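Chemist: Here you go, one structure.
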Amino acid sequence: MTSPARTRIAPSPTGDPHVGTAYVAIFNRALARQTGGQFLLRIEDTDRERSSPASEAMILSSLRWLELDWDEGPDCGGPHGPYRQSERLEIYREHARRLVDGGQAYPCFCTPERLAELRARQKAEGLDHVGYDGCCRELGRAAAAEKIRAGAPHVIRLRVPDAGETVFRDDLRGEFTFQNRLLDDQVLVKSDGYPTYHLANVVDDHLMGITHVIRAEEWLSSVPKHVLLYRALGYPMPHLLHLPLLRNPDRSKISKRKNPVSIAWYRAQGYLPEALVNFLALMGFSLPDGRELFSFPDLVEALDLGRLNASAAPVFNLEKLDWMNGEYIRALPLKELAARVRAFGVPPEREARLAEILPLLRERLKTLAEVAPRSDFFFADPAGYDPALLVPRKCDREFARAVLEAFPHYLEAVGPAFEAAALEAAVDRLAAERGLKRGNVFMVLRVAVTGSTATPPLVESMAVLGREAVLRRVGAAARRLAGEP
RNA sequence: GCCCCCAUCGUCUAGUCAGGCCUAGGACACUGGAUUUUCGAUCCAGCGACAGGGGUUCGAAUCCCCUUGGGGGUACCA
């Protein structure tokens, strides 16, 4: 057994909770569970412009909905808090001071305008790399301190060596070597005193005892800067694993415009949280036995970091999610499904009948959202359908008229219990005695009773509706067919 | 531009690290059939891929190189 892993998910509260966050959370949490460690939630709200408490709240509730809850976090605290970076400013300041004192970082007074100009010039000259030119590097401590005293706005930059290379290891992809000369003097503290991701992330991961950093591939190229930071601070490196990014159908990094990325969207569409988790897990991991439907506990048991997907660039395929969600819906005990549908949102007057209706609907559901439209006919007489629907293909109006007029008589033989078996017998007798094709008889009645050609099983639906409603609808259909309003 | 990652059916993938068991397996989707009371569900069948080129080897989807393609990064965003 491996030693307990402490892992984390570190979302930035700058918008809707993203499926990518959930995707990464799944593996972090699974590893923590598997090894008996802890899974933490840390809010990285160091971008004052874009961060919002509302977004943070949505992230928490979305992750909870997915049952990806955490052992330590901003809401529940923990031994290494606070877990919101905006509340840890003093810690970062201290670290920055240490780095400046040690000469591994330095204050930079360059204006954004100068930097923009510099970048533009470098681009225009076609330099093989663009980045900070080190203008403030050799300012000298005294001069820098003087400017700071005078209140000059400044940032703190990491002093990256001009030569040599930085090597690190990703547990999924092996060893990497980066040329230091190609690395920028990364900003560690912004002019507003807030840390950048790079500083805060390294400091917090260490202080919070994170052993495994599992995150998206977009971070891979900033790892060398982090390595330099860890080294400068004298902190040991955690394990690093970079997961491939989720993609749009056009293979670009998954984005709002081209795909629904908000966890809330999936919830609103009527996807089950366990199905979404399963689906997301499958994007990055496969079980040795090839099983595709598995629960989070299954994942915890089977997770093997070496089997994480390092190579492919998974495209988010809604069709497969639909299929999977249908499988989960059908696997749910009826009572549980009813509870989920109720939680999803059902008009109160419909709640009581859910228990009768759901068995008829269940096998054709892909999402919870389909329950409402598919069960409308149970609650309201069909209106507005095209009378032509009443006439099955290869049949004439006369056929439909005969069925609709005859059916009430056959219904008399159906006992007060109004059960499906008796109803089916009635339809069968009608077809047999009148010499009508059974399937077509069913279709006429189906349209009359439901207003649609695609419905749950007819006689079962009639049984739920009751004699009165069925008679009323069949009568209305007959009049409709005759052209009456 | 520069740096980095990646490359198996339309899509998600198994197989690649330890080359032969792969005339490449599974899933979704699609097509056909069975069943049925429509739709769906289910069962069966079918379609369908190792990006290209060089090596290494008795043997390569698997190892190496190049090309091409896709992606990420290149911010006082994360």
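The values are calculated or read from the model by the stated rules, or taken from the named source; none is laboratory data. Since we're looking at a predicted model, the values are computed, not measured. Here the Cβ positions follow ideal geometry from the backbone for every residue, glycine too, while neighbour counts run over all protein chains shown. Side chains included, ligands, DNA and RNA excluded: accessible areas come from the protein's heavy atoms. Shrake-Rupley method; radii C 1.70, N 1.55, O 1.52, S 1.80 Å.
Chemist: Can you give the accessible area per residue of the stretch A:1-142, in Å², using a 1.4 Å probe?
Modeler: Heavy-atom SASA per residue in the stretch A:1-142 reads 47 Å².
Chemist: Dipole magnitude of the stretch A:113-182 about its Cα centre, charges +1 at Lys/Arg Cβ and -1 at Asp/Glu Cβ only, in debye to the nearest 20?
Modeler: 340 debye
Chemist: Under a 1.4 Å probe, what is the accessible area of the stretch A:332-373 per residue, stated in Å²?
Modeler: 54 Å²
Chemist: Sticking with this structure for a sec: Going Cα to Cα from A:LYS253, which lysines come in below 28 Å? Please leave out same-chain ones fewer than 8 positions away.
Modeler: A:LYS123, A:LYS190, A:LYS225, A:LYS320, A:LYS366
Chemist: How many percent of DSSP beta bridges within chain A run antiparallel, rounded to 5?
Modeler: 60 percent
Chemist: Full-extension gain between A:LEU182 and A:ALA339, please, as 0.36 nm times their residue separation minus the C-alpha to C-alpha distance.
Modeler: Extra length available between A:LEU182 and A:ALA339 comes to 50.8 nm.
Chemist: Given the -39500 (n - 2.57) contribution per DSSP H run of 4+ residues, what per-residue ellipticity at 222 nm results for chain A, rounded to the nearest 500 deg cm²/dmol?
Modeler: Roughly -14000 deg cm²/dmol at 222 nm, from the helical runs in chain A.
Chemist: Continuing with the same structure: Once the Cβ-Cβ distance between A:ASP75 and A:SER262 is put in as r, and R0 is 22 Å, what FRET efficiency do you end up with, to the nearest 0.05?
Modeler: 0.60
Chemist: Further question: Search the structure for amide H atoms under 5 Å from the amide H of A:ALA216, placed 1.01 Å from N in the peptide plane, and list their residues when 5 or more places away or on another chain.
Modeler: The list, which skips near neighbours in sequence, is A:LEU243.
Chemist: Can I ask one more? Express in nm, to one decimal, how much length is gained between A:LYS320 and A:HIS409 on full extension, taking 0.36 nm for each residue of separation and deducting their alpha carbon distance.
Modeler: Residue separation times 0.36 nm, minus the Cα-Cα distance, leaves 27.3 nm.
Chemist: Okay, moving on. Can you tell me the dipole magnitude for chain A around its Cα centre, using point charges on the Cβ only (Lys, Arg +1; Asp, Glu -1), in Debye to the nearest 20?
Modeler: Dipole size: approximately 660 debye.
Chemist: Which percent of the accessible heavy-atom area of the stretch A:387-481 goes to carbon and sulfur, probe 1.4 angstrom?
Modeler: Carbon with sulfur: 53 percent of the solvent-accessible area.
Chemist: Tell me, rounded to the nearest percent, the portion of alpha carbon pairs in chain A spaced more than 42 Å apart.
Modeler: In whole percent, the long-distance tail amounts to 40.
Chemist: Further, regarding this structure: Can you give the extra length, in nm with one decimal, that the chain gains between A:ALA352 and A:ALA150 once fully stretched, where that is 0.36 nm per residue apart less the Cα-Cα distance?
Modeler: 65.4 nm
Chemist: Considering all alpha-carbon pairs of the stretch A:148-227, what whole percent are spaced by more than 14 angstrom?
Modeler: Here the tail beyond 14 Å accounts for 69 percent of pairs.
Chemist: How big is the antiparallel share of DSSP beta bridges in the stretch A:88-243, given as a percent to the nearest 5?
Modeler: DSSP beta bridges in the stretch A:88-243 are roughly 70 percent antiparallel.
Chemist: To the nearest 20 debye, what charge dipole does the stretch A:1-102 have about its Cα centre, counting +1 at the Cβ of each Lys and Arg and -1 at the Cβ of each Asp and Glu?
Modeler: 280 debye
Chemist: Taking square-rooted eigenvalues a ≥ b ≥ c of the alpha carbon gyration tensor, is the stretch A:88-243 rounded, prolate or oblate, where a/c under 1.5 means rounded and, failing that, a/b exceeding b/c means prolate?
Modeler: Verdict is oblate for the stretch A:88-243.
Chemist: Can you tell me what percent of all Cα-Cα pairs in the stretch A:233-375 are more than 20 Å apart?
Modeler: The share of Cα pairs beyond 20 Å in the stretch A:233-375 comes to 56 percent.
Chemist: Of A:THR453, A:PRO161, A:GLY384, which is farthest on the positive side of the dipole of chain A, counting Cα position, with +1 on Lys and Arg Cβ, -1 on Asp and Glu Cβ, and the Cα centre as origin?
Modeler: A:GLY384
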